[in-house]
1. Give K223/K280; K42/K174; K80/K174; K57/K260; K59/K268; K57/K157 a once-over and call out the pairs whose C-alpha atoms are over 32 Å from each other.
2. Hey, what's the chain come to in accessible area per residue, 1.4 Å probe, Å²?
3. Tabulate in residue order the Karplus-calculated ³J(HN,Hα) for segment 233-249, using 6.51 cos²θ - 1.76 cosθ + 1.60 with θ = phi - 60°, rounded to whole Hz; enter x for Gly and Pro.
4. Could you order L225, L199 by accessible surface area, starting with the largest, using a probe radius of 1.4 Å?
5. Please report the antiparallel percentage of the DSSP beta bridges confined to segment 32-191, to the nearest 5.
6. Apply the Karplus curve 6.51 cos²θ - 1.76 cosθ + 1.60, θ = phi - 60°, to the phi angles in segment 213-228 and return the couplings in whole Hz, x for Gly and Pro.
7. By DSSP, what percent of the beta bridges with both residues in the chain are antiparallel, rounded to the nearest 5?
8. Take H227, H17 and sort them by solvent-accessible surface of the protein heavy atoms, 1.4 Å probe, largest at the top.
Amino acid sequence: MSTIERICVVGAGQMGHQIGMLCALGGYETIIQDVNESALEKAEASLQTIMNKWVLKNKLSEDEKAAAFSRLSFQTSLEKAVKQADFVIEAVVEKLDVKREVFQKLDELAPSHAILASNSSTIVNSLIAEATTRPDKVVNMHFFFPPLVMDCVEVVKSEQTSDETAAKTMEVSKNINRTAVLLQKEISGFIANRILGALQREAVYLYENGYASFEDIDTICRKALNHPIGPFELMDLSGIDVGYFVMQQRYAETNDPLDKPAVCIEEKVKAGELGRKTGKGWYEYKKEGVKN
């Protein structure tokens, strides 16, 4: 397999654009692709703001910032974005049918040597790889939100993922300055989100059954368990809809009632109260993202 020099990130949302910036900072020629031009413009503006803050905090020099942006470009055409890619990271909505459709297109458009990685937070790559002719080159590469802050990546192999693909994915993770952990065996939700999911299910159960308010549950988790933020605050940060789609997918796979989205979560999603990104979730937020 040839050296990885060019990376394409598919999806310019809250995960994708930051993953793209990490790749550019790591020295890779990087293209962030999204069919929505306004999403790309928003992504570029967001990254400029974040990198300017890094310069002010001396986390990055002006020259390093300029060099990273010189390696970063934005593209609406998937065909143009992946035609020379050595490594593709998918960061679209957490729905299996959407991801399978994207991977089918990537399989057709990307060079035969290219690795196709999914940033899915719960869907095992074997379910996605079925849509391609290169299951040995499909892998999970799960970043955590926000990628520019969180120093962890779960790299997950299926039975068909080759050792070479896993090794290259670990190498990319190292080059973009992220601590990667390799899982040799896949399971829905991987490690971190299965543990977080268990905590969230219990927190929601206690709230829905009237044992404590969501604010008090968050306070107990922060003060008694020393968690940096409580489970309801974390839902707001990650996006309540993201967690909802994860639970829907898990329930579809397991048919276990414990995996079914809770009523209060479904109500939030239907009301459009998705957390910080909409200004309201469990808590209300001002424009700068601070709770009222």
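1. Values: K223/K280 24 Å; K42/K174 28 Å; K80/K174 27 Å; K57/K260 43 Å; K59/K268 37 Å; K57/K157 37 Å.
In this structure, K57/K260; K59/K268; K57/K157 lie more than 32 Å apart at Cα.
2. On the way: 14370 Å² over 292 residues.
It amounts to 49 Å² per residue over the chain.
3. 4, 5, 4, 4, 5, 6, x, 4, 5, 4, x, 4, 5, 4, 5, 4, 5
4. Working: L225 100, L199 55 Å².
Largest accessible area first, the list is L225, L199.
5. Numbers: 4 of 17 bridges.
So the antiparallel bridges amount to about 25 percent of the total.
6. Coupling constants for segment 213-228: 6, 5, 4, 5, 4, 4, 4, 5, 5, 6, 7, 8, 9, 6, 6, x Hz.
7. Working: 7 of 31 bridges.
Beta bridges within the chain, antiparallel portion: roughly 25 percent.
8. Details: H227 60, H17 15 Å².
Output order, biggest surface exposure first: H227, H17.
The values are calculated or read from the model by the stated rules, or taken from the named source; none is laboratory data. The shown structure was predicted, so the numbers you read here are calculated from the model rather than taken from an experiment. Note that we place each Cβ from the backbone using ideal geometry, even for glycine, and neighbour counts take in every protein chain shown. For the accessible areas, the whole protein counts, side chains as well, though only heavy atoms, and no ligand, DNA or RNA atoms are used. Shrake-Rupley method; radii C 1.70, N 1.55, O 1.52, S 1.80 Å.
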